[in-house]
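Read through the structure below, which is laid out as structure tokens, and then see the notes.
The values are calculated or read from the model by the stated rules, or taken from the named source; none is laboratory data. Computed from a predicted structure; not experimentally measured. Glycine gets a Cβ as well: all are built from the backbone with ideal geometry, and neighbour counts include every protein chain shown.
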Amino acid sequence: MKEKLQEIQNKGVKEISSATDLKVLDEIRVKYLGKAGELTQILRGMKDVPPEERRVVGILANSVREKMEIALSEKLAELENAKLLADMEKEKIDITEPSTGIKRGALHPLTRFNNKFIDLCVEMGFTVIQTPEIETDYYNFEALNVPKNHPARDMQDSLYITDSILMRTHTSPAQVHAMETLKPPFKIVCPGRVYRNDDDSSHSPIFNQFEALVIDENVSLKDFMIMVKEMAVRLYGKDVKMRVRPAFFPFTEPSIEIDATCQMCQGKGCSLCKGTGFSEFFGGGIVNPRILEMSGVDSKKYSGFAFGPGIDRSVMVTNKIPNIKYLFRNDMRFLKQMR
Amino acid sequence: MKVSYKWLNDFVDLSDISVEVLAEKLTNSGFEVEEVIYQNRFLHDVYVGKITKIEKHPNADKLVVCQVDLKDRKVQIITSATNVFEGALVPVSLEGADLANGVKIKPTAMRGVSSDGMFCSGEELGIDENYIEGAGINGILILPKDFEVGQKIEDALMLNDVTFDINVTPNRPDCNSVVGIAREICAMFDKKFKNADISYKTVGGNVKDYVSVEVLTKNCPRYMASYIKNIKLERSPLWIRSRLNAVGIKPINNMVDITNYVLVEQGQPMHAFDYKYLDGHKIVVRQANENENIAVLNGNTYNLDKSVMVISDKDKPVVIAGVIGGTNSCINNDTKETVFECAVFDLKSVRLTAKKFGLRTDSSARYEKGVNINSPSTALKRALHLVCQLGCGEIVDGIIDIVNSDVTLEKSETLSLSYSRVCKILGVDIPKERVLKILNGLDIKSTIEGDVLRCVPPYIREDIKNENDIAEEVIRIYGYDVYNDVEGVAFENSATTIGQYEPRLVMENNFKNVLVDSGFYETLNYSLYSASACDKLLIPEGDERRKVIKIANPISEDLSTARTVMAHALLLDITYNLSVGNKDLRLFEIGKVYLPKSLPLTELPVENNRLSIAVCENGFDFFKLKGIVENILVLTSLEYKIERSSEPYLHSGVSADIIAKDGKKIGSFGKLHKLVLKNYDISQDVYYAELDCDYLVQLPEKKYETKEVSKYQAVERDIAVVVDEKVTNAELMSATKSSCGKIFYDVQLFDVYRNEALGENKKSMAYKITFMSDEKTLTGDEINVAVNKVLKSLEFRYGAKLR
């Protein structure tokens, strides 16, 4: 009996280990462990075994069954895994075929730049505001110290609707609205469209600006410069260089023009920056106290600075856009490059 | 504004300041030098030579061989010019010369005879007959006999100056002059200003016996005149011509040149009349009469009106004031007596006149920027000094000076300011001594006692009023480069402010992100368009959007109207893109429409921000568009229903309006009307949607509140019913929902089927209904009861038959 069991075990385990597919393995299981299987037969014949041997044979028989079952399940797992691997091999595809589903579109480069700049301003404590594009002559000129006889107030340069209402020529009226409605200290930034009577290959009659205004006690040109430097670093990276030039704006005094490393050539000098390595970044300065007074801010107590970058040019430089007209042409071949 | 180095040197010693250093310093002090022009750039290696001998060329009939004396050497030049002669002084260009017409000189041999260089014409030297006699002819420039042989031509012709083209900012009209810039240079380099010589001799008499002046317009605050007789009209001396040439003014004759010289040097325009043509010997400054005419020096005749200020004699206009002189009274070859005009005209009046006639002269350019009321007195004396210096006329005693203004002449105000505030504005502590030195150097007489900074700006500096103005003067001379590498913390002594986004921009950015994720590209379009947009979009007469704001002075018809409809721009974008072969267009824009409260505009209009979406893509349909609109609206708390749209530009059968709970239309979406497509030359279907962002942003923020999910399993049942075409999905869904009772969870349309077998105008609608209870597992019976109720209800209300 013992020998027989041993023989079944040896033979069975050997057959199991040499099985190559699941069907064969199942046949082996039936052959030994099925209802009429060899081992099952022996276990059924246990009643014929003399009682004194029954225990020993029983233990042996169970051990044989256990070994065979383990061998079977191990082999089963092995064959199943092999089949999965084989299936996967069949599923192999050409991964260079194109993707499917909806392809993401893109924001306009101007929105991208605006968002980046707005984030920057908000982090620095500025509140974003919006003021009208159709403005009164008071907000657009008068309250900003642009005198009645200034050329900008001629029809030649601005788009008028009536004698006293026009398309704003800059975002600076936002300064006046802010000073009239907000209590200092405050910092505001106003992005928006502006309009000029100007349409040629390098000018767009509609373009975009930012207006930023800080009103507080003890605000100096130095604060302005430190802040602008920080903005330049965040927009253009820490290697950016700055250059300050005197300038003139009716609403600031002193007024300055700040150049930053030309982003087209990274300061090497190109046609855009006329070889100087610098291109215009911001114009601005300390708010003229006359303007503070006109808008009801106490110029003895408060001072402030205002600045406004023209953003179309920065967008062009940042994205290496060859022509300003691209910004409003909405050609898909251009827009797709912004993905 | 052009000034020259030598001219500046008359007023400030530049001997230790190079051209390059000067240009950089000017730029850094607020006077941007846009260009530096070396007058001698085409004149190197050209000398004054004397032709000592002319012989025929042995091998060429048309050439001669000249021996030329250059003082320290002799050269041989071959020329074909016929106006050369032995003893003539001529410009000789030698090896290395690079002439104005692009010719580069190198020694050569012509038909076997060597030539060391070339004789030059005026053109080759970049000058013309106005500059020197003989420069305009088609031949060699024969130089005056008194020129020094061997001298560099640039020195002999006084073409050795350097011109700076400076951008003078509008706040500094006083610097549109050589003296103005020279004063600035004095301050920049701590130098002393050398005053112009304004002394002159007179020959007795009284100007008032010769000419009378009357000012009849408020546009002329000051008018000065003087009278000069026995004029010797001729070319100006070379030094005057050289100065004028350097700043781009054509020399004409001594009298006219003197007025131009003063214009550039003092920034004060002048005019010289031929006395004998001033009828009645009278000068009247007045506004022109309607339909008066004047022929002026540029050869044109202009028809005048009341807006134009003129100088007239007894009867007729003789000058368009401040702009250009008339031909009827100008200096000409037989002028014997002249009247010099030196006046101030209102800048706006001059600008509008110059613009009206498209005439921008050196004179009008100065007046447009503003000429100080004190300016004429020095300028006129300077002109008279030059008359004496040149010995070209006899000055009669007296100057006519009419002041037609309330302004007190030569009055300077004393400003009492705070020194510490100046430093505080700059954020830089500049020592008191330095501040005083800078200000006094700028001729702003200043003292400091304690913190009190007393300043007396010169009367020409009308721009200086407060600490900010003084701060700018100080820092631009001190140097803005202190800020180049500025470091530290901003707002150290100021309050902290908390930044805030603008809610609408935030919401719009969220919308934009949904659209970009759905394959859309953002566009930007002009917010001004053609008045025909409403016609193309079939907007009917009487529609509010027909009330448009028109630009009074539009650039073109295409930019003449503030838009009231968004769709026009995107449709033009689609037309454009299709025309260049771009396909599958998913575009959007967030922009404004401008809705007047009344017309003509008396108050500012409503600026309504709107999202506009357009799709032109194969396989796109209404329901895809609807899904996109829903994905946007789900970001808001808007509760809405949709109705068939009444938008005139949408397809009436395939479009919907979005209606808020308060009944307001928030937007529309659907297929474009086929006539509209035709108007835009688009031959494919376009789907379009528009939403009112301003309405959406004022809604309360969307709240996300959740409920417990049921512990019990949901059960699904499918039903399909056949109904008339006119029955809508919304009706069937709503009836289904209401007839299921408490155990209703969800219903979804999953199939719509049409077939002849169903009958004419019939469709089959298949729904998946989901039932669920929060309290128990539903039994089959309960569900059957509910489904039956649904079917009965659908049949009762809409004649639906179970399929």
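Collect the residues in the stretch A:1-39 that are of a type in the set (D, E, K, R) and either over 15 Å from A:ILE70 (Cβ atoms) or in contact (Cβ under 8 Å) with a residue 60 or more places away in the chain (or both), keeping them in residue-number order.
Correct list: A:LYS2, A:GLU3, A:LYS4, A:GLU7, A:LYS11, A:ASP21, A:LYS23, A:ASP26, A:GLU27, A:LYS31, A:LYS35, A:GLU38.
Are any of the residues in the stretch A:187-201 β-branched (Val, Ile, Thr), at the interface with chain B (Cβ under 8 Å from one of its Cβ atoms) and either over 24 Å from B:ILE549 (Cβ atoms) or not in a helix (DSSP H, G or I) (or both)?
No, the stretch A:187-201 contains no residue that is β-branched (Val, Ile, Thr), at the interface with chain B (Cβ under 8 Å from one of its Cβ atoms) and either over 24 Å from B:ILE549 (Cβ atoms) or not in a helix (DSSP H, G or I) (or both).
Checking the condition at pLDDT below 85 and not charged (D, E, K, R), which residue from A:LEU76, A:LEU43, A:LEU22 passes? I'd like the intermediate steps shown before the answer.
Details: A:LEU76 fails: at pLDDT below 85; A:LEU22 fails: at pLDDT below 85.
The unique qualifying residue is A:LEU43.
Please work out which residue is nearest to B:VAL162 (Cα to Cα), limiting yourself to the stretch B:230-270 and to residues that are over 38 Å from the mean Cα position of the chain (by Cα) and of a type in the set (A, V, I, L, M, F, W, C).
Filtering first and then ranking leaves B:LEU238.
Out of (1) under 24 Å from A:SER303 (Cα atoms); (2) among the acidic types (Asp, Glu); (3) surrounded by fewer than 17 Cβ atoms within 10 Å (Cβ to Cβ), the odd one out for B:GLU433 is which?
Just one mismatch for B:GLU433, condition (1).
Any idea which of B:VAL752, B:VAL785 is closer than 20 Å to B:GLN713 by Cα, out of contact with any Phe, Trp or Tyr (no Cβ under 9 Å at 6 or more places or on another chain) and either among the β-branched types (Val, Ile, Thr) or buried (at least 17 other Cβ atoms within 10 Å of the Cβ) (or both)?
It is B:VAL785.
Of these, B:ILE666, B:ILE632, B:ILE658, B:ILE682, which one is in contact (Cβ under 8 Å) with a residue 60 or more places away in the chain and closer than 24 Å to B:TYR704 by Cβ?
On the way: B:ILE666 fails: in contact (Cβ under 8 Å) with a residue 60 or more places away in the chain; B:ILE658 fails: in contact (Cβ under 8 Å) with a residue 60 or more places away in the chain; B:ILE682 fails: closer than 24 Å to B:TYR704 by Cβ.
After ruling out the rest, the residue left standing is B:ILE632.
Looking at B:ARG360, B:ARG351, which one is touching a helix residue (DSSP H, G or I) at 6+ places or on another chain (Cβ under 6 Å), closer than 19 Å to B:GLY325 by Cβ, within 14 Å of chain A (Cβ to nearest Cβ) and not in a helix (DSSP H, G or I)?
Matching residue, one of B:ARG360, B:ARG351: B:ARG360.
Search the stretch B:364-422 for residues being of a type in the set (D, E, K, R) and touching a residue at least 60 places away in the same chain (Cβ under 8 Å), and hand back the single one that is surrounded by the most Cβ atoms within 10 Å (Cβ to Cβ).
This residue is B:ARG366.
Out of (1) more than 60 Å from the chain's Cα centre (by Cα); (2) exposed (fewer than 12 other Cβ atoms within 10 Å of the Cβ), the odd one out for A:ASP21 is which?
Checking A:ASP21 against (1) more than 60 Å from the chain's Cα centre (by Cα); (2) exposed (fewer than 12 other Cβ atoms within 10 Å of the Cβ), the one that fails is (1).
Tell me the residue from A:ALA71, A:ALA143, A:ALA106, A:ALA86 that is at pLDDT below 90 and of a type in the set (A, V, I, L, M), please.
A:ALA71
Quickly run through the stretch A:81-117 and pick out the residues that are more than 9 Å from chain B (Cβ to nearest Cβ), of a type in the set (Val, Ile, Thr) and either within 30 Å of B:ILE590 (Cβ to Cβ) or touching a Pro at 6+ places or on another chain (Cβ under 9 Å) (or both).
Residue satisfying the conditions is A:THR100 alone.
For the stretch A:230-339, please list each of the strands (runs of 3 or more DSSP E) lying entirely inside it that holds at least 1 residues being surrounded by fewer than 21 Cβ atoms within 10 Å (Cβ to Cβ) and acidic (Asp, Glu).
In the stretch A:230-339, the matching strands (runs of 3 or more DSSP E) lie at A:252-261, A:278-287.
Which is outside any strand (DSSP E or B), surrounded by 12 or more Cβ atoms within 10 Å (Cβ to Cβ) and acidic (Asp, Glu), of B:GLU731, B:GLU760?
When all the criteria are applied, what remains is B:GLU731.
Among the residues of the stretch B:49-81, write down those that are acidic (Asp, Glu) and either part of a strand (DSSP E or B) or not assigned by TED's automatic domain parsing to the domain that holds B:GLU148 (or both). Step through it out loud before you land on a result.
Going residue by residue through the stretch B:49-81, those that are acidic (Asp, Glu) are B:55, B:61, B:69, B:72.
Once the filter is applied, which keeps residues that are acidic (Asp, Glu) and either part of a strand (DSSP E or B) or not assigned by TED's automatic domain parsing to the domain that holds B:GLU148 (or both), the stretch B:49-81 yields B:GLU55, B:ASP69.
A quick yes/no check of all residues on (1) part of a helix (DSSP H, G or I); (2) surrounded by fewer than 22 Cβ atoms within 10 Å (Cβ to Cβ):
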{"residue": "A:PRO98", "(1), (2)": "no, yes"}
{"residue": "A:LYS116", "(1), (2)": "yes, yes"}
{"residue": "A:GLY125", "(1), (2)": "no, yes"}
{"residue": "A:GLN130", "(1), (2)": "no, yes"}
{"residue": "A:GLU135", "(1), (2)": "no, no"}
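Under the condition of being of a type in the set (Phe, Trp, Tyr) and crowded, with 21+ Cβ neighbours inside 10 Å, which residue from the stretch B:492-532 is nearest to A:ILE118 (Cα to Cα)?
Per the stated criteria, the residue is B:PHE511.
Identify, please: which residue in the stretch B:332-348 is hydrophobic (A, V, I, L, M, F, W, C) and outside any loop (DSSP other than H, G, I, E, B) and is, among those, farthest from the chain's Cα centre (by Cα)?
B:VAL339
Mind checking which pairs have a first residue in the stretch B:776-803 that is within 18 Å of B:MET765 (Cβ to Cβ) and a second that is of a type in the set (Lys, Arg), Cβ under 8 Å, 6 or more apart or different chains?
Filtered contacts from the stretch B:776-803: B:VAL787/B:ARG717; B:GLU795/B:LYS801.
Only one of B:ILE438, B:ILE448 is in contact (Cβ under 8 Å) with a residue 60 or more places away in the chain and either more than 10 Å from chain A (Cβ to nearest Cβ) or at positive phi (or both); which?
B:ILE438
Filtering the stretch A:290-339 down to residues that are polar (S, T, N, Q) and within 12 Å of chain B (Cβ to nearest Cβ), which residue is farthest from A:GLU253 (Cα to Cα)?
Kept after step one, since they are polar (S, T, N, Q), are these residues of the stretch A:290-339: A:295, A:299, A:303, A:314, A:318-319, A:323, A:330, A:337.
Filter again for within 12 Å of chain B (Cβ to nearest Cβ), leaving A:299, A:303, A:330, A:337.
Numbers: A:SER299: 13, A:SER303: 11, A:ASN330: 40, A:GLN337: 42 Å.
Result: A:GLN337.
Step by step: first the residues of the stretch A:165-186, then only those that are at the interface with another protein chain (Cβ under 9 Å from one of its Cβ atoms) and surrounded by fewer than 23 Cβ atoms within 10 Å (Cβ to Cβ), then the one that is farthest from A:GLU135 (Cα to Cα). Which residue is that?
So, considering only residues that are at the interface with another protein chain (Cβ under 9 Å from one of its Cβ atoms) and surrounded by fewer than 23 Cβ atoms within 10 Å (Cβ to Cβ), the one farthest from A:GLU135 (Cα to Cα) is A:PRO185.
Would you point out the residue of the stretch A:24-64, among those that are among the charged types (D, E, K, R) and under 26 Å from A:ALA77 (Cβ atoms), that is farthest from the chain's Cα centre (by Cα)? Steps first, please.
Kept after step one, since they are among the charged types (D, E, K, R), are these residues of the stretch A:24-64: A:26-27, A:29, A:31, A:35, A:38, A:44, A:47-48, A:52-55.
Filter once more, so that each one left must be under 26 Å from A:ALA77 (Cβ atoms): A:26-27, A:29, A:31, A:35, A:38.
On the way: A:ASP26: 57, A:GLU27: 60, A:ARG29: 60, A:LYS31: 65, A:LYS35: 67, A:GLU38: 69 Å.
It comes out as A:GLU38.
B:CYS455 fails exactly one of the following numbered conditions: (1) touching a helix residue (DSSP H, G or I) at 6+ places or on another chain (Cβ under 8 Å); (2) buried (at least 20 other Cβ atoms within 10 Å of the Cβ); (3) within 14 Å of chain A (Cβ to nearest Cβ). What is the number of that condition?
Single failed check for B:CYS455: (3).
So which pairs qualify, if the first residue must be in the stretch B:692-721 and farther than 30 Å from B:VAL606 by Cβ, the second must be of a type in the set (S, T, N, Q), the Cβ gap must be under 6 Å, and the two must be at least 6 apart or on different chains?
The qualifying pairs are B:TYR712/B:SER773; B:TYR712/B:THR777; B:ALA714/B:THR770; B:GLU716/B:THR770; B:ALA720/B:SER764.
Sort out which residues of the stretch A:214-229 are touching a Ser or Thr at 6+ places or on another chain (Cβ under 9 Å) and either part of a strand (DSSP E or B) or modelled with pLDDT under 90 (or both), and write them in order of number.
Applying the first criterion (touching a Ser or Thr at 6+ places or on another chain (Cβ under 9 Å)) to the stretch A:214-229 yields A:214-220, A:223.
Once the filter is applied, which keeps residues that are touching a Ser or Thr at 6+ places or on another chain (Cβ under 9 Å) and either part of a strand (DSSP E or B) or modelled with pLDDT under 90 (or both), the stretch A:214-229 yields A:VAL214, A:ILE215, A:ASP216, A:ASN218.
Only strands (runs of 3 or more DSSP E) wholly contained in the stretch B:284-331 count here; list those with 2 or more residues that are β-branched (Val, Ile, Thr) and surrounded by 13 or more Cβ atoms within 10 Å (Cβ to Cβ).
Qualifying strands (runs of 3 or more DSSP E): B:309-312, B:317-320.
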